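The values are calculated or read from the model by the stated rules, or taken from the named source; none is laboratory data. All values derive from a computational prediction rather than experimental measurement. Glycine also receives a Cβ, built like all others from the backbone with ideal geometry; neighbour counts cover every protein chain displayed.
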Amino acid sequence: MILEVSHLSKAYGDVRAVDDLSFSVRSGEIFGFLGPNGAGKTTTIKMMCGLLRSDQGSVTIKGSALHEGGWKGSRRIGVCPQHIVIWEMMTCMEQLEFMGRMYDIEAKRARRKAGELLEVFGLAQKKNKLARTLSGGMQRRLNIVLALVHEPEILFLDEPQAGLDPQSRVLVRDYVKSLAGTMTVILTTHDMEEAEKLSDRVCIIDGGKLLVLDTVENIKNQLGQGDFFEIELAGNQGRELLALLQGSPERFRLQGQTLQLVSHDAVTILPQVLQAIKEHGLHLENLRIRKKNLEDVFISLTGRGLRQ
Amino acid sequence: MRILVYLRKTFVENLREWKILIITLAFGPFFVYMMYAYFGTTTPSYNLLVLNRDRGADLADGRRLQAGGALLSEWAKIAYPDGKAVFAIAAPASLPAGEKALKNRDADLLLFIPEDFSEVLKNFLEKKSLRLPRLTRSGDHGNARCLVAGSFADYVAFTYISQLTATTLPLDIDFRKISAARSLNDFDLYVPALLVLAIIMVLFTAAASIIKEVDKGTISRLMLSRLSTFEFLSAISINQLLIGSAALALTFLAAVHVGYRSAGSLPLFFAVGALSCVSVIAISLIVAALLKSIFELLTVGVFPFFLLMFFSESMMPLPRWVLFRLSTHNYYVNDLLPTSLTVKAFNKILNFQAGPGDLVFELGGMVFLTLVYFAFGVWLFRRRHMRIH
């Protein structure tokens, strides 16, 4: 384990932002750190990288404990904050070289690394432009590159894809994927699709507490084997249909106005459901079969969506 | 060395924020040229209003005595060594008109010569009466120019009357200049304060350089790189010292350009200037520690700027309240601001040829205050912005 979080807690007044959180991150893995807004993700990240002191608990990196005023290994981490944090009056190249040199990387090597990263992130053409003249998307990419220039062992990416255009999202996703095995990446997001595509393991927190931690597949399988089967009926008819299907061996549940079922055998069940709808004169508005996702897991654990 | 890396970065940023840099560098020279335009051309001239209602009187020997008119001529004649008249004299339409001009500060002093001025004087000369002629002086004592003009006007009037009446004044006053070789005009006396203004401007650039990192969140990147508070603030201080010294040099050159000449040692002047710059940077650390954004600096931050400007006597002389006495030297409440001591030190060096030995109390006070403010600023800044919360 490269990073271990043990019984971490942080409160702001009466609000417990992080509540007895414990988990470990393996070396070289991409670790998805998920949760809705206000779940405590950013607070946890800040404590993990040494920018915020915890009320209780500890964080250790390669066995070294975080301590007041910094952490022995802090120079081995890179942090891409949620908001754009760049030096607007410096060029892309200047600030990358500056950041590299702040980590005691010699100027030549810092420049070389900066050049490589600017190329990868599509900023090579803008390397001598002041950061303030870049578009919002480019500034976001620069924000990520600044966390990488000193070649950290652990990279914290806090909502790295927020505000990125679709093209840049793909670019960032591909880059993060390419880091797998060479760098430990801790990725916070509430974009479940991205998290599923990128993460080796996922940790979902809510209200500062750990809900689940496992591989994406294992977490999704907590909902049962098979695909997700969703039926939308007009008005409140979903409730009526649920009552009609009570005798069925399958476990249906109502999520909002949508009737949901996870099943391996949707093809067999579907005619029975359609028969019940027809016989009772219910009005079918939509019907779909899809793969389960982490959002479904979160809903099943908390009863609400990640974006609520 | 990371101090140098950060120094280079902040220096480049300052160069690129050229509008702020130009204002900082041009602030002192601008005020030098402004003050020169107002006060620097030659010696000051005082606006005198004289309402002469004297009717004159016929002396026993048949001559006509016009004492009011004669006194008016004496006031008009008094001049500085360069030949410029001390008074610019005008006649108001009436006493109320004259008083209105005083209130508007269009005039410094109003003198009223009554109708019987010559008559009373004649009776005194012919020993018919011991009564002396009356001269009425009106003015605003809050206006320093009124006091100076009154002093000159009185001197001329006493001299004229003593000559006319062949009486000798019972006191002989010998006035000696304390300035070096040259005589000082108003502008010369303003120059030390104007030079300090250039240094005070560093408060804004120094605080802005620091707060910018807090405001934009880039300080967290610096903290993650384990840049220490000492490294961070040292680099900014060195950079601001360069800017402040440049502003001071430009302001001094502007003063020289309009004819100002230093009586004292320039290296000593620049050394004191550099020390003063560091003291202003120390104050800017405290300001930066208490604020969180550039917006706050441009609003709340104006307060300490004006504190330094007004209470250092950069703008106007203030009453002096003694804080404590050390040996033969009084430290005043204003001297809690290091720039107040700087104005005094500059004045002594530039106008009175003082050497380091003459500045022991000023330099001692500046060093002490700089150390105290710097230590407090570093502690406060670290506590508020560079500490793990």
Here the residues within region A:45-57 that are free of Cβ contacts under 8 Å to residues at least 60 places away in the same chain and either under 22 Å from the mean Cα position of the chain (by Cα) or crowded, with 17+ Cβ neighbours inside 10 Å (or both) are A:46, A:47, A:50, A:51, A:52, A:54, A:57
In region B:291-310, anything aliphatic (A, V, I, L, M) and buried (at least 19 other Cβ atoms within 10 Å of the Cβ) is listed as B:291, B:297, B:308, B:309
Residue count, region A:130-169, condition outside any helix (DSSP H, G or I) and not aliphatic (A, V, I, L, M), comes to 12
| message | Take the conditions away from chain B (no Cβ under 13 Å), crowded, with 21+ Cβ neighbours inside 10 Å and not in a loop (DSSP other than H, G, I, E, B) and apply them to residue A:96. Does it pass? | response | no
- Query: On the given criteria, is residue A:101 in contact with a Leu (Cβ under 9 Å, 6 or more places away or on another chain), in a helix (DSSP H, G or I) and among the basic types (Lys, Arg)?
  - Reply: no
Picking from B:214, B:202, the residue that is buried (at least 22 other Cβ atoms within 10 Å of the Cβ), within 30 Å of residue B:26 (Cβ to Cβ) and either at pLDDT 90 or above or more than 14 Å from every other protein chain (Cβ to nearest Cβ) (or both) would be B:202
Per the list (1) away from chain B (no Cβ under 14 Å); (2) of a type outside the set (Ser, Thr, Tyr); (3) within 27 Å of the chain's Cα centre (by Cα), residue check on residue A:125 breaks on (3)
So is residue A:176 part of a helix (DSSP H, G or I) and free of Cβ contacts under 8 Å to residues at least 60 places away in the same chain or not? no
Here the residues within region A:19-55 that are away from chain B (no Cβ under 14 Å) and within 15 Å of residue A:6 (Cβ to Cβ) are A:19, A:20, A:21, A:22, A:23, A:24, A:25, A:44
Among A:86, A:77, the single one that is among the β-branched types (Val, Ile, Thr), crowded, with 18+ Cβ neighbours inside 10 Å, facing chain B (nearest Cβ under 9 Å) and touching a strand residue (DSSP E or B) at 6+ places or on another chain (Cβ under 6 Å) is A:77
Practice problem: For region A:141-162, indicate whether the set of residues that are crowded, with 20+ Cβ neighbours inside 10 Å, out of contact with any strand residue (DSSP E or B) (no Cβ under 6 Å at 6 or more places or on another chain) and of a type in the set (Lys, Arg) is non-empty. | Solution: yes
In region B:117-155, anything buried (at least 19 other Cβ atoms within 10 Å of the Cβ) and not in a helix (DSSP H, G or I) is listed as B:133, B:139
Per the filter on region A:179-190, residues crowded, with 18+ Cβ neighbours inside 10 Å and either more than 20 Å from residue A:210 (Cβ to Cβ) or small (Gly, Ala, Ser) (or both) are A:183
Here the residues within region A:259-293 that are over 24 Å from residue A:217 (Cβ atoms) and either in contact with a Phe, Trp or Tyr (Cβ under 7 Å, 6 or more places away or on another chain) or surrounded by 15 or more Cβ atoms within 10 Å (Cβ to Cβ) (or both) are A:259, A:270, A:273, A:276, A:277, A:282, A:284, A:287
Within region B:1-26, restricting to residues that are away from chain A (no Cβ under 14 Å) and surrounded by fewer than 19 Cβ atoms within 10 Å (Cβ to Cβ), the one that is nearest to residue A:91 (Cα to Cα) is B:22
Cβ pairs under 8 Å, 6+ apart or interchain, first in region B:268-297 and aromatic (Phe, Trp, Tyr), second crowded, with 24+ Cβ neighbours inside 10 Å, ordered by first then second residue, are B:269/B:252; B:269/B:346; B:269/B:349; B:269/B:350; B:270/B:248
Taking region B:37-91 and keeping residues closer than 30 Å to residue B:256 by Cβ, among the hydroxyl-bearing types (Ser, Thr, Tyr) and at pLDDT 90 or above leaves B:46
Filtering region B:97-116 for residues that are surrounded by 20 or more Cβ atoms within 10 Å (Cβ to Cβ) and part of a strand (DSSP E or B) leaves a count of 4
Residues of region B:75-93 being surrounded by fewer than 17 Cβ atoms within 10 Å (Cβ to Cβ) and in a helix (DSSP H, G or I), in sequence order, are B:76, B:77
When region A:105-122 is checked residue by residue, the ones that are in a loop (DSSP other than H, G, I, E, B), within 14 Å of another protein chain (Cβ to nearest Cβ) and either of a type in the set (S, T, N, Q) or surrounded by 14 or more Cβ atoms within 10 Å (Cβ to Cβ) (or both) are A:105
Filtering region B:260-269 down to residues that are exposed (fewer than 15 other Cβ atoms within 10 Å of the Cβ) and assigned to a helix (DSSP H, G or I) yields B:266, B:267
Counting only helices (runs of 4 or more DSSP H) entirely within region B:288-389, those with at least 3 residues that are β-branched (Val, Ile, Thr) are B:338-346, B:360-385
Apart from one, (1) in a loop (DSSP other than H, G, I, E, B); (2) of a type in the set (S, T, N, Q); (3) closer than 26 Å to residue B:47 by Cα all hold for residue B:167; the odd one out is (3)
Screening A:222, A:237 for residues that are surrounded by fewer than 16 Cβ atoms within 10 Å (Cβ to Cβ) and either touching a residue at least 40 places away in the same chain (Cβ under 8 Å) or of a type in the set (A, V, I, L, M, F, W, C) (or both) leaves only A:222
Reported set for region A:195-242 where residues are in a helix (DSSP H, G or I), out of contact with any strand residue (DSSP E or B) (no Cβ under 6 Å at 6 or more places or on another chain) and modelled with pLDDT of 85 or more is A:196, A:197, A:217, A:218
Considering region B:339-389, residues that are of a type in the set (Lys, Arg) and within 25 Å of residue B:230 (Cβ to Cβ), and then whichever is farthest from the other protein chains (Cβ to nearest Cβ), we arrive at B:384
Filtering helices (runs of 4 or more DSSP H) wholly in region B:170-259 for at least 2 residues that are free of Cβ contacts under 8 Å to residues at least 60 places away in the same chain and within 29 Å of residue B:300 (Cβ to Cβ) gives B:218-224, B:229-257
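Condition check ((1) modelled with pLDDT of 90 or more; (2) aliphatic (A, V, I, L, M)) across all residues:
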{"residue": "A:22", "(1), (2)": "yes, no"}
{"residue": "A:36", "(1), (2)": "no, no"}
{"residue": "A:50", "(1), (2)": "no, no"}
{"residue": "A:67", "(1), (2)": "no, no"}
{"residue": "A:74", "(1), (2)": "no, no"}
{"residue": "A:79", "(1), (2)": "yes, yes"}
{"residue": "A:88", "(1), (2)": "yes, no"}
{"residue": "A:101", "(1), (2)": "yes, no"}
